[in-house]
Structures are given as structure tokens and as C-alpha cells.
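Some notes on the structure that comes next.
The values are calculated or read from the model by the stated rules, or taken from the named source; none is laboratory data. None of these values were measured; they are calculated from a predicted model. Don't worry about glycine lacking a Cβ; one is built from the backbone with ideal geometry, like all the others, and counts go over all protein chains shown.
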């Protein structure tokens, strides 16, 4: 019986080594994927923040030049973008860059 137990222990150890060898690359791939996904989310959030800042700046320009409050300025911005089939971000950029006045 000692021989069987020793043989079984060896087989178990080999199996553990084999499974561990398989897991290591899988874990590395999963970590690499998580890092890529986190970088993508970070990039998307930064873009959204930059877009939001530009829209807020455009609202301020419109409010100042048209003499309206911020809600009315946003409505003017949004209506112009929609009427001209432009993105809100593009329209805001033109207003801040002074190539468009509302």
C-alpha cells in the first residue's frame, strides 16, 4: 500500500504542477485584458470630461453674449446643434473658438 500511496502522491503533485502551469498564462492574459479595459474606460471618461468642459465654456459664452441664463444658453446650443445636424461638442467648439455666434 505504501507504493500506491507514493505513486498517487506523485501523480497528484504532477497534476498540481500541470494545472499551475496552465493557470499562470491564463491569469497573465486576464490581467492584461483588465489593464487594457481600464485604460479604455479612463480614456472614455477623460473624453467625456473634456467634452463637458467645452460645453460649459460654450454655455458661458452664449449666456454672456446673448444675455440669457445658463439653461437658456444650453437650449440655444442644443437647438442649433440639432437643427444643423452637428454634435453638441462640435457646436460648442465653434462657439468657444468664436467661429459661431448664437
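Condition first: out of contact with any helix residue (DSSP H, G or I) (no Cβ under 7 Å at 6 or more places or on another chain), free of Cβ contacts under 8 Å to residues at least 60 places away in the same chain, assigned to a loop (DSSP other than H, G, I, E, B) and surrounded by 15 or more Cβ atoms within 10 Å (Cβ to Cβ). Can you find one or more residues in the range 91-102 that meet it?
No; the residues of the range 91-102 include none that is out of contact with any helix residue (DSSP H, G or I) (no Cβ under 7 Å at 6 or more places or on another chain), free of Cβ contacts under 8 Å to residues at least 60 places away in the same chain, assigned to a loop (DSSP other than H, G, I, E, B) and surrounded by 15 or more Cβ atoms within 10 Å (Cβ to Cβ).
Results for (1) modelled with pLDDT of 80 or more; (2) more than 17 Å from residue 99 (Cα to Cα); (3) exposed (fewer than 12 other Cβ atoms within 10 Å of the Cβ), shown as yes or no for each residue.
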residue	(1), (2), (3)
12	no, yes, yes
17	no, yes, yes
24	no, yes, yes
38	yes, yes, yes
48	yes, yes, yes
58	yes, no, no
70	yes, yes, no
76	yes, no, no
81	yes, no, no
